[in-house]
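The values are calculated or read from the model by the stated rules, or taken from the named source; none is laboratory data. Here the structure is a predicted model, which means the values were calculated and not measured. All Cβ positions, glycine included, derive from the backbone under ideal geometry; neighbour counts span all protein chains shown.
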Amino acid sequence: MILCAGNGEVFPFATSIGVGMVESSITLTELVIKNKPKFLFFIGSAGSYGEKEIFEIIHSKSACNIENSYFNSNSYTPIENLITTSENVSRETIVNSSNYITTDFSLGEKYIEKNIHIENMEFFSVMHVAKRFGLPAGGLFAITNYCNENAHKDFKQNQSKAMELLNKYISENRDKLFANSTNGK
């Protein structure tokens, strides 16, 4: 099952699941219960904490849910906050998900130190649902902005081109992308 958020990030070959972690997890759970797919593959935009470049295409099989307050020792979580299907997570680009967009560029270094390079609001939910139902999963992202004070403005400015780049990338690599998704690699 190929997924996207919707709200401007729509692909003719993907099912929209909603924006943010709550809406996407509820919608995706309903979809999986109605018709369990062989795999879940999410496609969308992402912000970079600093090292990934605008319009770079990123593959990932690892997602986390870390809030900015964690880096200031102002919070903790008793729940699992990293989900991966990668055999070598140290070489993986980890995608952070939150219902908030990071606008403090100085926090990017703290994420990068933990091998977390990009953020997307829905991917952790996708990975969590995949894990719950025993499904292989992955994602493909186009960087639209840096996580700084201009994040929203740059996202809006770059979103259309990022979607075009993802469409092109998928059409050129479809067999390779989805063959790997179905066998869990």
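A few notes on this one:
- Within segment 22-46, the set of residues being in contact with a Ser or Thr (Cβ under 7 Å, 6 or more places away or on another chain) and either at pLDDT below 95 or not aliphatic (A, V, I, L, M) (or both) comprises SER24, SER25, LYS38, PHE39, PHE41, SER45.
- Of residues in segment 89-102 being polar (S, T, N, Q) and loosely packed, with under 15 Cβ neighbours inside 10 Å, the one modelled with the highest pLDDT: ASN99
- The listed residue being farther than 12 Å from GLY44 by Cα and under 15 Å from the mean Cα position of the chain (by Cα), out of HIS128, HIS152: HIS128
- Check on TYR76, aromatic (Phe, Trp, Tyr) and farther than 16 Å from PHE124 by Cα: yes
- Among residues of segment 128-152 that are touching a residue at least 60 places away in the same chain (Cβ under 8 Å) and part of a helix (DSSP H, G or I), those with a Cβ under 9 angstrom from a residue that is of a type in the set (Gly, Ala, Ser) and surrounded by fewer than 23 Cβ atoms within 10 Å (Cβ to Cβ), sequence gap 6+ or separate chain, pair up as HIS128/SER25; VAL129/SER25.
- If you go through segment 24-37 and pick out every residue that is surrounded by fewer than 16 Cβ atoms within 10 Å (Cβ to Cβ) and touching a residue at least 40 places away in the same chain (Cβ under 8 Å), you end up with 1.
- LYS61 vs. criteria charged (D, E, K, R), over 17 Å from the mean Cα position of the chain (by Cα) and within 18 Å of LEU135 (Cα to Cα): no
Residues checked against (1) closer than 24 Å to LEU31 by Cα; (2) at pLDDT 95 or above; (3) not β-branched (Val, Ile, Thr):
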| position | (1), (2), (3) |
| --- | --- |
| ILE118 | no, yes, no |
| PHE133 | yes, yes, yes |
| ASN145 | no, yes, yes |
| GLN157 | no, yes, yes |
| LYS176 | no, no, yes |
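- Residues that are over 11 Å from ASN99 (Cα atoms) and touching a residue at least 24 places away in the same chain (Cβ under 8 Å), drawn from segment 12-23: PHE13, ALA14, ILE17, GLY18
- Test result for ILE101, of a type outside the set (Gly, Ala, Ser), under 21 Å from ALA151 (Cα atoms) and assigned to a loop (DSSP other than H, G, I, E, B): yes
- Residue pairs meeting the criteria (Cβ under 9 Å; at least 6 apart or on separate chains; first without any contact (Cβ under 8 Å) to a residue 40 or more places away in the chain, in segment 162-179; second surrounded by fewer than 16 Cβ atoms within 10 Å (Cβ to Cβ)): ARG174/PHE13; ALA179/LYS185
- Counted residues, segment 19-44 - those being under 15 Å from the mean Cα position of the chain (by Cα) and over 19 Å from ALA162 (Cβ atoms): 6
- Filtered by the rule that a residue be outside any strand (DSSP E or B) and in contact with a Cys (Cβ under 8 Å, 6 or more places away or on another chain), segment 1-16 gives VAL10, PHE11, ALA14.
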